[in-house]
1. Report, in degrees rounded to the nearest 10, the 0 to 90 angle that the Cα long axis of helix 90-111 makes with the longest principal axis of the chain.
2. Measure nothing fancy, just the Cα-based angle from helix 5-24's long axis to the longest principal axis of the chain, in degrees from 0 to 90, nearest 10.
3. Of the options SER6, ILE49, ASN83, report the single residue whose Cα projects farthest towards the positive end of the charge dipole of the chain (beta-carbon charges: Lys, Arg +1; Asp, Glu -1).
4. Restricting to Cα pairs below 8 Å that are 6+ residues apart, what does the relative contact order work out to for the chain? Please round to a whole percent.
5. Any idea what log10 I(q)/I(0) is at q = 0.20 Å⁻¹ for region 1-98, Debye with uniform C-alpha scatterers and no solvent?
6. Which value in deg cm²/dmol, rounded to the nearest 500, describes the helix-derived mean residue ellipticity at 222 nm for the chain, given -39,500 (n - 2.57) per DSSP H run of n ≥ 4 and division by the residue count?
7. Note the angle between two axes, namely the Cα long axis of helix 36-53 and the longest principal axis of the Cα atoms of the chain, as a number of degrees from 0 to 90, rounded to the nearest 10.
8. Given a 1.4 Å probe, how much area per residue of the chain is accessible, in Å²?
Amino acid sequence: MTYPKSLLNLVLVLATLTAVLHLYIGLLVYGIPLGVPLVLIALVYLGGISLIAANKRRDRWLKISIYWVVLVIVLWAISAAANAPNTNITLAYADKAVEFVLLGILLRIRATGGTVKKPS
């Protein structure tokens, strides 16, 4: 399958942004060892970015990424509902906003049936 190039690039940028936010929150806000799960989430994002950018089974990774983003959002919501520390900071909300936009674009790519089109 191919995808709109602009949407694919936007997915890569948003995924990079959320990976950076997870690294920042994990290392600088929580610190080690509490921030390790956030660092691991960031590493998964970075691995997915690499695979998608390298076009290694891109269609499969784009499908999986939808479920990954939903899982990360749900886990954060559960943590926030349990009053876990630092789940209600501005950076966490900014990260979730980026992830919601990323999810919308991923769903849009899937809805179009995928086809990378060069801009005319």
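The values are calculated or read from the model by the stated rules, or taken from the named source; none is laboratory data. Everything numeric here is computed off the predicted structure, so don't read it as measured data. Glycine gets a Cβ as well: all are built from the backbone with ideal geometry, and neighbour counts include every protein chain shown. Surface accessibility is based on the protein's heavy atoms, side chains included, excluding ligands, DNA and RNA. Shrake-Rupley method; radii C 1.70, N 1.55, O 1.52, S 1.80 Å.
1. Taking Cα atoms only, the helix is inclined about 20 degrees.
2. On a 0 to 90 degree scale, this one is about 10.
3. Highest projection toward the positive end goes to SER6.
4. 44 percent
5. So the normalised log intensities are -0.98.
6. Helix-only estimate at 222 nm: -24500 deg cm²/dmol.
7. Between the helix axis and the principal axis of the chain, the angle is about 10 degrees.
8. Working: 6980 Å² over 120 residues.
Accessible area per residue, the chain: 58 Å².
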